[in-house]
Amino acid sequence: MERTFHMLLYRAFHAQRNYLRPYLGEIGLGTGQPKLLSYLVANGPCQQRELAEYFEIDRAAVSRMLDSLEKGGFITHEADVNNRRADIVELTEKGRRANEAWETYCHTIELKMLKGFTQKEQEQFADYLFRAYQNLRAKNDKGEG
């Protein structure tokens with residue numbers, strides 16, 4: 001197997017996605033939707049714009065995911081009293097339960113993925129991934145991101 005970082009990251013991501021994908025259907029979620037539920041659990045009700053900015057995806061993609069989540073009964077949205085052009089997105093109880101189920105399943109896959117890693121290695125791995133992400137998001141002197 002090729003051992004360049006980009007290929008290792010791609011293969012790890014792909015393997016994780018393939019492992020998790022069947023479980024999405026079991027709890028009634030689509031691709032990309034669990035992260036929105038997790039954000040709402042951690043941060044409470046918010047505007048669609050906030051979700052798009054946090055996950056660095058376009059608002060139209062977030063809108064499509066939210067529409068599907070609302071049809072499934074996982075979220076609700078109401079007009080923002082402070083901004084009539086925006087809606088506030090909020091989890092329903094069904095959304096909270098789906099997020100709990102998803103988090104439980106993700107924990108199971110993390111145990112499988114990190115089998116044989118010491119606690120210190122797990123912490124270092126998380127730190128390395130976070131630092132790599134920060135490096136990619138940082139602007140350099142030429143304004144490139």
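For the pair N135 and Q119, the difference between a 0.36 nm per residue extended length and the Cα-Cα distance amounts to 3.3 nm. Equivalent ellipsoid of the range 77-145: semi-axes from √(5λ) of the C-alpha gyration tensor, largest first, are 33, 27, 7 Å. For the chain, the longest principal axis of the alpha carbon atoms and the long axis of helix 5-27 meet at an angle near 40°. Based on protein heavy atoms only, the range 19-110 ends up with 60 Å² per residue of surface accessible to a 1.4 Å probe. Taking a sphere under 11 Å around the Cβ of W102 and counting the other residues whose Cβ falls inside, with K and R at +1 and D and E at -1, yields a net charge of 0. With the alpha-carbon atoms of the range 1-72 aligned to their principal axes, the span from lowest to highest coordinate is 43, 28, 22 Å, starting with the largest.
In this structure, the amide hydrogen of Q47, modeled 1.01 Å from its nitrogen in the peptide plane, lies closer than 5 angstrom to those of V89, counting only residues at least 5 positions away or on a different chain. The number of Lys pairs in the chain with C-alpha atoms less than 28 Å apart, excluding pairs fewer than 8 positions apart on the same chain, is 9. For the pair the range 83-145 and the range 11-66, the centres of their Cα atoms are 11 angstrom apart. Note on the chain: Kirkwood hydrodynamic radius from all Cα pairs is 17.4 Å, rounded to one decimal. In loop segments of the range 58-144 as defined by DSSP, the GluC sites (Glu not before Pro) with at most 11 further C-beta atoms inside 10 Å of their C-beta are E144.
Placing pseudo-labels 7 Å out from each Cα toward the beta carbon at V81 and R17 gives an inter-label distance of 4.2 nm. Karplus-based coupling profile of the range 58-69, in residue order and whole Hz: 6, 5, 5, 5, 4, 4, 5, 5, 5, 4, 5, 5, with θ = phi - 60° in 6.51 cos²θ - 1.76 cosθ + 1.60 and x standing for Gly or Pro.
Considering only protein heavy atoms and a 1.4 Å probe, what is the carbon-and-sulfur percentage of the accessible area of the chain? Carbon with sulfur: 52 percent of the solvent-accessible area. Under a 5 Å amide H cut-off, with hydrogens placed 1.01 Å from N, A86 pairs with D80 among residues at least 5 apart or on other chains.
The values are calculated or read from the model by the stated rules, or taken from the named source; none is laboratory data. Because the structure is a prediction, the values reported are computed rather than measured. All Cβ positions, even for glycine, are placed from backbone atoms using ideal geometry, and neighbour counts span all protein chains on display. We work out accessible area using only protein heavy atoms, side chains counted, and drop any ligands, DNA or RNA first. Shrake-Rupley method; radii C 1.70, N 1.55, O 1.52, S 1.80 Å.
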